[in-house]
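Notes to accompany the following structure.
The values are calculated or read from the model by the stated rules, or taken from the named source; none is laboratory data. Not measured: the values here are computed from a predicted model. Cβ atoms come from the backbone with ideal geometry, glycine included; neighbour counts cover every protein chain shown.
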Amino acid sequence: MAQIHDRPSVDRKARLTIPAQTIRKQDPSVRVLNWREVYLPLDIEMAKVEAERCIQCPAAPCQVACPAGNDIPAALWKLEHGDPVGAADVFHETSNLPEMCGRLCPQERLCEGHCVVGKHAKPVAIGRLEAFVADWQRVHAPAAAPAPPPTGKRVAVVGAGPAGLVVAEELAKLGHAITVFDAWPSPGGVLRYGIPSFKLEKRVLDERLAELRRLPIRFIGDTSIGTRGGKTVDDLLAEGYDAVFLGHGAGVGNELQIEGVGLAGIMQATEFLSRANVAPQDLPPRMRTPLQPGRRTVIIGGGDTSMDCARTAVRLGAEEVSLVYRRTGQEMVGREEERKHAREEGVRFEFLAAPVRFLGDDAGHVRAVRFERMELGPPDESGRRRPSPIPGSEFTVEADAVVLAIGYGVDEQVAASAAGVLADRYGVVLVDRASGETDRPGVFAGGDNINGADLVVTAIRDARIAARAMRAYLEQAAPVSTAAAT
C-alpha cells in the first residue's frame with residue numbers, strides 16, 4: 001500500500017460534503033434495443049470529482065476487501081489530481097485486468113461495500129473509476145514496453161480466460177515464450193464467451209489482447225487439453241515445455257436430470273450467451289447457426305449468469321422473459337444491481353419454484369415447463385435455507401425457449417490428463433494455496449478450476465500467486481535443450 005502519510009493531509013469532513021456524481025446509464029427503453037454497455041462513459045472532470053470523495057482513510061478497508069489488494073486510495077489520489085494514467089498504473093501493480101474488474105466485480109460487497117464514505121452517503125464509485133482509468137490509459141498512453149530478452153524457457157498455459165491471460169502476461173514480461181491453448185476459437189474465455197456485451201463490450205477485451213500480443217505470447221484456439229482427445233498435459237511436458245499452468249476455469253454447465261431435458265429449444269447458458277453475443281467467426285462451426293429468439297423464454301437459475309441470459313433474451317426480441325428460481329430473492333448469490341437492471345428491462349421473476357419436467361410438441365420442440373412450488377427449510381451447506389417441494393403445487397409455464405443457468409463445474413478431464421495432478425470429486429484441482437503448485441512438479445493451477453465458479457478478481461489474484469511461483473521454478477530449472485525447444 002502506498003503510504004498515506006506521504007500525501008498532504010486532507011480535510012475528510014469537507015470531502016464528505018462532496019455530492020456523489022451521477023454515473024449515467026442508458027435508459028432501459030433504449031438499451032434493450034442495443035448491445036452496448038449499460039453504463040455511459042465518464043468524463044475526466046466528473047471522474048476527478050468522484051475520486052475526491054475518497055477520504056483517504058489510513059486503514060483503507062476498501063483495499064483490504066479487494067481480493068487483489070488494489071491500493072484504491074493511492075489510485076484515486078492520482079486521479080483526483082488529474083493523473084488517470086498514474087491511477088491506472090497503481091491498479092496495474094496488483095491487477096492485470098482493471099478494465100474487466102471495474103466492470104464485473106461485485107463492488108457492493110467488496111471495495112465499495114467497505115468504503116467508509118458509504119456509512120455517511122453513497123460509497124465512492126470505485127468500480128466505475130477503476131474501469132475509467134484503465135480505459136483512459138489504453139487510449140491515451142497504451143503500453144509500449146520493449147520486448148524482453150528471451151530466456152529460452154517455454155511455458156504452456158491451458159485456458160485463455162482471466163487466469164490464463166494473467167499468467168501469460170506476467171511470465172512473458174520476463175522473456176519466457178508463452179503458448180496459450182484454448183478450446184474456443186478466440187482467446188478471452190468467460191470474458192468473451194460468457195459475459196454479454198452490455199456488461200463488457202468485446203472491443204475492450206480485444207484492445208487488451210492486442211497489448212498482450214506485443215509480448216512473446218502465442219494463442220492457439222480450437223485445441224482441447226484433456227483426456228477426451230487432442231493434447232494432454234503430459235503431451236505438453238513431453239513436447240519440451242518447461243512448465244504448465246492450468247487455467248481452464250469452471251465452464252461445464254450443470255445439468256438437470258428431468259424428463260424432457262433433451263427437447264429442442266432447451267440449451268445451456270454458455271451456448272445461449274455465446275451464440276447471442278459473439279461474432280460467428282469466433283464461434284465453433286456447430287454454434288454458428290443464427291439463434292432463434294423464443295417468443296416466451298424461460299430462464300432457470302438465480303445467479304448473475306441467469307440475469308445475463310434473461311437480459312440477453314430481451315435484446316433478442318423475446319416478448320416474455322421469465323426467470324424462475326427455487327429460492328427467494330434474498331437467497332440469490334449474484335449482484336443486486338444485475339437484478340435491478342433485469343427488472344428495469346422487463347424480466348419477470350418467479351420465486352420458490354423448481355422445474356419437474358419439460359413438455360414438448362409433436363415436432364420435439366419445448367412448448368412448456370412444468371414447475372412445482374417450493375418452501376424454505378433449514379440452511380444447507382451453502383448457508384442458505386434449503387428449498388423443499390410442496391406436494392400438489394405443480395403449475396405450467398408456456399415456453400418455446402428455455403435456458404439452463406444453474407451453475408458451473410470444472411472440467412475434470414484436464415487434470416486427469418496429467419499424472420500426479422490431484423483433484424477432488426468435483427474436478428477442482430488441488431494446489432498449494434501459497435504458490436498454486438500441484439503435486440506434479442512444473443504444473444501449476446489457478447482461478448475457477450481451484451475455487452469452483454468464482455469471480456474474475458479472485459482468478460487474477462490466484463494467477464498472480466502462481467506466476468510468482470512459476471518464475472522462481474523457471475529460474476531454478478535447467479535450460480531446455482535445442483532439440484526440445486524446436
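What to note about this one:
- Residue match in region 164-174 (condition: touching a residue at least 12 places away in the same chain (Cβ under 8 Å), outside the structural domain of Leu205 (by TED's automatic domain parsing), of a type in the set (Asp, Glu) and under 23 Å from Ala463 (Cα atoms)): no
- Unique match (being crowded, with 23+ Cβ neighbours inside 10 Å, under 24 Å from Gly251 (Cβ atoms) and of a type outside the set (Phe, Trp, Tyr)) among Val421, Val403: Val403
- Condition met for Pro84 (closer than 24 Å to Arg203 by Cα and crowded, with 18+ Cβ neighbours inside 10 Å): yes
- Residue that is surrounded by the fewest Cβ atoms within 10 Å (Cβ to Cβ) [pool: residues in region 448-462 that are under 12 Å from Gly189 (Cβ atoms) and touching a Leu at 6+ places or on another chain (Cβ under 8 Å)]: Val456
- Those residues of region 125-141 which are under 16 Å from Leu97 (Cβ atoms) and hydrophobic (A, V, I, L, M, F, W, C), in sequence order: Ile126, Leu129, Ala131, Phe132, Val133, Ala134, Trp136
- Considering each residue of region 267-274 in turn, at least one proves to be surrounded by fewer than 23 Cβ atoms within 10 Å (Cβ to Cβ) and within 30 Å of Ala419 (Cα to Cα).
- Selection status of Leu246, of a type outside the set (D, E, K, R) and in contact with a Lys or Arg (Cβ under 6 Å, 6 or more places away or on another chain): no
- Cross-chain or 6+ apart pairs with Cβ under 8 Å, region 380-405 first and among the aromatic types (Phe, Trp, Tyr), then surrounded by 14 or more Cβ atoms within 10 Å (Cβ to Cβ): Phe395/Ala353; Phe395/Arg370; Phe395/Phe371; Phe395/Glu372; Phe395/Arg373
- Test: residue in region 435-450 that is in contact with a His (Cβ under 7 Å, 6 or more places away or on another chain), not in a loop (DSSP other than H, G, I, E, B) and not aliphatic (A, V, I, L, M): yes
- Qualifying residue in region 24-40 (condition: loosely packed, with under 15 Cβ neighbours inside 10 Å, at pLDDT below 95 and out of contact with any Ser or Thr (no Cβ under 6 Å at 6 or more places or on another chain)): no
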